[in-house]
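For reference, the structure discussed in these notes is given below.
The values are calculated or read from the model by the stated rules, or taken from the named source; none is laboratory data. Computed from a predicted structure; not experimentally measured. Neighbour counts run over all protein chains shown; Cβ positions are idealised from the backbone, glycine included. When the accessible area is computed, the model is the full protein with side chains, heavy atoms only, and any ligands, DNA or RNA have been set aside. Shrake-Rupley method; radii C 1.70, N 1.55, O 1.52, S 1.80 Å.
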Amino acid sequence: MTLIPFDDRDGFIWFNGQMVPWRDAKVHVLTHGLHYGSCVFEGVRVYNGKVFKLREHTERLINSGKLLGFTIPYSLEELEKATLDILAKQNITNGYIRPVAWRGSEMMAVSAQKNKIHVAIATWEWPTYFSKEARERGLRLQISKWARPAPNTAPTASKAAGLYMICTLSKHAAEDAGFDDALMLDYRGYIAEATGANMFFVIDGVLHTPTPDCFLDGITRRTVMELAKKRGIKVVERHIKPEELKDVSEIFLAGTAAEVTPIGKINDMTFTVGPITKQLMEDYSARVLQPS
């Protein structure tokens, strides 16, 4: 399979209010977002030409910027229109949308009070995040040595680019060891999430999910909880210890990119792709095709 670099593609990207040819959508090497991590983003999916949960994702992008101390210079409605415009321009029916906002290059220091806030929205065809084989057998996860930080050490409620550095380190280490992804604990030692998705655990027919007090309360996570409750499946949010994995019968991930994906292994422990996971996979696939 030929790798097509993301900076060398045909088409357009919405960039600061303009439709810019894809290869011309560039930033300077001294941009603050690159050097100091002052950047927020979203991951959004489009199914059959309809954006899933566009309002929730756009609201979170704006709020993430506020948590990093900057105001995105476009209204909610302007950002939503820009998203729909770039989808039409790119003729995307089933794919992924990446809005991103960052501080520019006016000041190159920790302080960046006068830096312009830039915004771009890109979209591309993207059917699935994990392979069909991995989804069928269940993903293999390695427990990472990196922990999600405490909320008084980082803006953990924001979808900020800098918070993903340890996710990249964790996923690379897992892949190098033959796993698909990594399970991350939090600063207290509780189970937190995978590198880009929330987690759910089935124990005695009850669905348990970690309390998102130091990582994102995902939009897909909330959707899955709603679907489970409609099925009469009890959902419990709580702190979950790693040693409780021995009591778990099913595990799955939930995220915009991952959708609902089963987990078959964590370190040397194995799990089944069971009936609750399969039901919620079906329910989620049906839900994304309905109006948001």
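Scanning region 191-214 for residues that are within 15 Å of LYS241 (Cβ to Cβ) and either modelled with pLDDT under 95 or aliphatic (A, V, I, L, M) (or both), we see that the one that is most open to solvent (accessible area, probe 1.4 Å) is ILE203. Put simply, of ALA109, ALA101 the only residue that is of a type in the set (A, V, I, L, M), farther than 30 Å from LYS278 by Cα and without any contact (Cβ under 8 Å) to a residue 12 or more places away in the chain is ALA109.
This table checks each residue for (1) within 23 Å of the chain's Cα centre (by Cα); (2) within 18 Å of MET108 (Cα to Cα); (3) modelled with pLDDT under 95; (4) surrounded by 10 or more Cβ atoms within 10 Å (Cβ to Cβ).
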residue	(1), (2), (3), (4)
ARG23	no, no, no, yes
HIS32	yes, yes, no, yes
SER38	yes, yes, no, yes
ARG45	yes, no, no, yes
VAL51	yes, no, no, yes
LEU54	yes, no, no, yes
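Of all residues in region 1-21, none satisfies the criterion of being closer than 24 Å to THR71 by Cα, touching a Lys or Arg at 6+ places or on another chain (Cβ under 7 Å) and surrounded by 17 or more Cβ atoms within 10 Å (Cβ to Cβ).
For every residue, the table says whether it meets (1) under 30 Å from TYR190 (Cβ atoms); (2) surrounded by 17 or more Cβ atoms within 10 Å (Cβ to Cβ).
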| position | (1), (2) |
| --- | --- |
| THR93 | no, no |
| ILE97 | no, yes |
| GLY104 | no, yes |
| ALA122 | no, yes |
| PRO127 | no, no |
| GLU133 | no, no |
| ARG137 | yes, no |
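Pairing residues of region 148-164 that are within 16 Å of LYS66 (Cα to Cα) and in a strand (DSSP E or B) with residues that are open to solvent by 30 Å² or more (accessible area, probe 1.4 Å) and modelled with pLDDT under 95, at Cβ distances under 6 Å and at least 6 apart in sequence or on separate chains, gives no pairs at all. In region 183-207, what count of residues is obtained for those that are part of a loop (DSSP other than H, G, I, E, B) and not charged (D, E, K, R)? Matching residues across region 183-207 total 7. The strands (runs of 3 or more DSSP E) found entirely in region 217-277 that carry 3 or more residues being surrounded by fewer than 20 Cβ atoms within 10 Å (Cβ to Cβ) are 235-238.
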